[in-house]
1. Please tell me if Val113 is touching a Ser or Thr at 6+ places or on another chain (Cβ under 9 Å) and assigned to a helix (DSSP H, G or I).
2. Filtering the stretch 168-198 down to residues that are in contact with a helix residue (DSSP H, G or I) (Cβ under 8 Å, 6 or more places away or on another chain) and free of Cβ contacts under 8 Å to residues at least 24 places away in the same chain, which residue is nearest to Val154 (Cα to Cα)?
3. Just name the residue that is nearest to Met156 (Cα to Cα) out of those in the stretch 59-87 that are in contact with a Ser or Thr (Cβ under 7 Å, 6 or more places away or on another chain) and surrounded by fewer than 23 Cβ atoms within 10 Å (Cβ to Cβ).
4. Any residue at all in the stretch 238-248 that's surrounded by 18 or more Cβ atoms within 10 Å (Cβ to Cβ), within 20 Å of the chain's Cα centre (by Cα) and part of a loop (DSSP other than H, G, I, E, B)?
5. Going through the stretch 100-131 one residue at a time, which ones are of a type outside the set (A, V, I, L, M, F, W, C) and more than 22 Å from Asn195 (Cβ to Cβ)?
6. Restricted to the stretch 196-225, and to residues that are hydrophobic (A, V, I, L, M, F, W, C) and part of a loop (DSSP other than H, G, I, E, B), which residue is nearest to Lys370 (Cα to Cα)?
7. From Tyr77, Tyr111, which residue is under 24 Å from Lys298 (Cα atoms), of a type in the set (Phe, Trp, Tyr) and touching a Phe, Trp or Tyr at 6+ places or on another chain (Cβ under 7 Å)?
8. For Lys251, all conditions in the list (1) over 21 Å from the mean Cα position of the chain (by Cα); (2) surrounded by 17 or more Cβ atoms within 10 Å (Cβ to Cβ) hold save one; what is the number of the exception?
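The values are calculated or read from the model by the stated rules, or taken from the named source; none is laboratory data. Source: prediction; values computed, not measured. Cβ coordinates were reconstructed from backbone atoms using ideal geometry, including for glycine residues, and neighbour counts include every protein chain displayed.
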Amino acid sequence: MRIHNYKILGALLAILFGSCTSWLDVDLVDQVTEEELFSKKEGFYEALAGVYSDMASSSMYGQNLTYETFGVLAQEYDFQGMENHYPSLRLYDYEDVGVKGKISGIWSSGYAVISAANNIIRHAEENAVLDEKDKNQVIGEALAIRAFMHFDLVRMFCPDVKLHPTEDGIPYNKEFGVAIPPMYTVEECIELVKNDLLEAEIALAASDDIINTVPYELETKDEADKYVARMNYYAVQGLLAKVYLAKGDFKRAREYAEKVITSEKFRLVNNQESIEVPEADLDVLFSDEHLFSLRNYKIPDYSAALHLNVVTPTSTSMAKLRMPGYLYGIYDGNNDDIRLNNWYSMDKQYLMKYLKENRETFSPKVPLLKLAEMYFIAAEGWWHVDKSKSMTYINELRDSRIVNNSHWNYITEDDLLAEMRREFIGEGQLFFIYKRLNHAILRETADGNVPASNEIFVFPMPESEIENGHR
């Protein structure tokens, strides 16, 4: 399905699932409309596309959960520059009225996605219109979406599972329309995520066309997008690698990461083919690495509103989110790093990852799972038992990003973190990396770093949910 159809499908899903002020108050849809949608195979795929469209909206991964809110929280931008537009968020003042509203919106949007996935699963299990292959595909994707969204909500609203496994987690919703889903501990929530993903892996192993396709070898990027603009078989394995890493199970984490790497369905960015090319063909987001990315044709517009100055005939307003003055140092001042040269403006003040105007070649997107992350997981997984294997993965990754790269001969956890910091700016990952490592959030200014603590890393549950007996 091409990107310009997603808006229509998102509207369709809104009609189907309704809008509600609380994620617990699931509106019953018009049964005739719903039955009509799920009376044919295409309806199930339209419903899935609608869920992906909602996830790609500006209130979710199309902006808020990637390069905006979680960029602010990870101190990726100039700290003083954020004062005018994000005065409370940059200070982790979760009691501020505006910040509380933002957090409540994330909670509601996340559970709306989960509810929609559950409804698709319910119909796929009950409806005989799907053959076995399509049934496995639909249920596999919907289970993976449900797991993906629960995992992110756990990462936002719960303490780290390694440090506080028996603390209160969140409700894990596995049924459409249930009034109050059961509450679980953090450890139990992670186990439920893992179980959903293992079930999705089995279902997609029997159905997913990507298993017989190498997306980056297809003639156009648009064709490749059809395989990775959804939770496919390898995206499920990649997410399992992340879940095992979150648990501290380094062996299984690296095993799943290596499954993705050795599948050879994805490749690290090729400088000659993707970067040293005419502007129209510049693949600034390294699309060949994407296991799962979401498309929204308006992403460049959303990004421009945050990352560029606003110029009028009479005035210029500074960008809401500018890069910090020490950005160059994050990349060790290495002008051979293609990330430094392509993800930021010439003066290194502005994030340009999502601003390339070659929309005809590359659908605007945000990467949520990518091959580089699998290399990091493999490297971290091996670091604890075999540092030479860890360095092999990091050196291979750096070879793809740094022209004439000099290989590392020694590696520390701080080295891994420094490289992840160079890689994930603007992708909504760094905040969770700091949290998983229980590491101070780096802010190389006179204001100092932000000490690791649950007061910083754990969002408060919305008050309406506390009133319902949660926590």
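1. no
2. Of everything passing the filter in the stretch 168-198, Gly169 is nearest to Val154 (Cα to Cα).
3. Filtering the stretch 59-87 for residues that are in contact with a Ser or Thr (Cβ under 7 Å, 6 or more places away or on another chain) and surrounded by fewer than 23 Cβ atoms within 10 Å (Cβ to Cβ), the one nearest to Met156 (Cα to Cα) comes out as Asn64.
4. no
5. Once the filter is applied, which keeps residues that are of a type outside the set (A, V, I, L, M, F, W, C) and more than 22 Å from Asn195 (Cβ to Cβ), the stretch 100-131 yields Lys100, Gly101, Lys102, Ser104, Gly105, Ser108, Ser109, Asn127, Asp131.
6. The extreme case among them is Val214.
7. Tyr111
8. Just one mismatch for Lys251, condition (2).
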